[in-house]
Amino acid sequence: MNCEVESYVLYLHSLFYTLNYTIIKPSFFMDNYLRIVKVEADNIYIPEFILPDIKFAMIPSEDNAKITAQIFKNVEEYNHQSIEIASDELTLNEVVDTFTSVTGIKTEIKGQFSSQTAEKSWLEEKGYVVDFEQMDQINPNRLRLNKWIEKISNNNIMLSNVCY
């Protein structure tokens with residue numbers, strides 16, 4: 001559906017050249033961890049949704065809102081652009097290490113997870129292409145995964161059935 005909307009906007013722009021647009025494409029939401037991470041016997045388990053050694057971009061919903069707001073505040077600067085947005089880029093192995101170091105709980109990859117929005121093969125073969133220099137300009141205080149985990153921990157938000 002999103003591809004269809006983007007294609008239609010670009011088609012209209014090619015016809016009329018007066019259509020103003022900015023297409024904002026958020027990457028994998030860190031908030032997904034709140035529903036897919038599990039705890040069993042004092043371990044955190046993250047399902048494999050991408051090969052463990054392939055980097056993938058991710059963003060917390062908070063940064064999605066901040067970046068989108070900045071883009072809307074600077075319409076002319078971002079007009080006629082398609083921007084993939086993210087706050088961090090790690091491999092799944094690095095995500096596991098980050099959860100372990102921040103929570104102090106051993107974290108492992110266990111099981112599989114498939115999404116209705118981003119297919120594993122697409123993430124592995126193409127993935128999100130994010131200009132992190134541009135992200136630093138738009139949102140210089142972007143929330144990296146380790147800080148996001150700290151923040152949700154400090155706010156007593158539970159990761160699925162994780163409470164630490």
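Things worth noting here:
- Close pairs (8 angstrom Cβ cut-off, 6 or more residues apart or separate chains): over 15 Å from VAL96 (Cα atoms) in the range 28-46, outside any loop (DSSP other than H, G, I, E, B) and open to solvent by less than 30 Å² (accessible area, probe 1.4 Å) anywhere: PHE28/PHE56; PHE28/ALA57; PHE28/MET58; PHE28/ILE59; PHE28/LEU123; PHE29/MET58; PHE29/ILE59
- Condition met for PHE72 (in a helix (DSSP H, G or I) and open to solvent by less than 20 Å² (accessible area, probe 1.4 Å)): no
- For the range 130-164, a residue qualifies if it is open to solvent by 70 Å² or more (accessible area, probe 1.4 Å), at pLDDT 95 or above and in contact with a strand residue (DSSP E or B) (Cβ under 6 Å, 6 or more places away or on another chain), and exactly one does: ARG144.
- Taken together, the residues in the range 75-92 that are in a helix (DSSP H, G or I), touching a residue at least 40 places away in the same chain (Cβ under 8 Å) and over 16 Å from the mean Cα position of the chain (by Cα) amount to 2.
- Test result for TRP122, of a type in the set (Phe, Trp, Tyr) and in contact (Cβ under 8 Å) with a residue 12 or more places away in the chain: no
The values are calculated or read from the model by the stated rules, or taken from the named source; none is laboratory data. Quick caveat, the model's predicted, so the values are computed rather than measured. Glycine also receives a Cβ, built like all others from the backbone with ideal geometry; neighbour counts cover every protein chain displayed. Accessible surface is based on the protein model in full, side chains and every heavy atom, while ligands, DNA and RNA are left aside. Shrake-Rupley method; radii C 1.70, N 1.55, O 1.52, S 1.80 Å.
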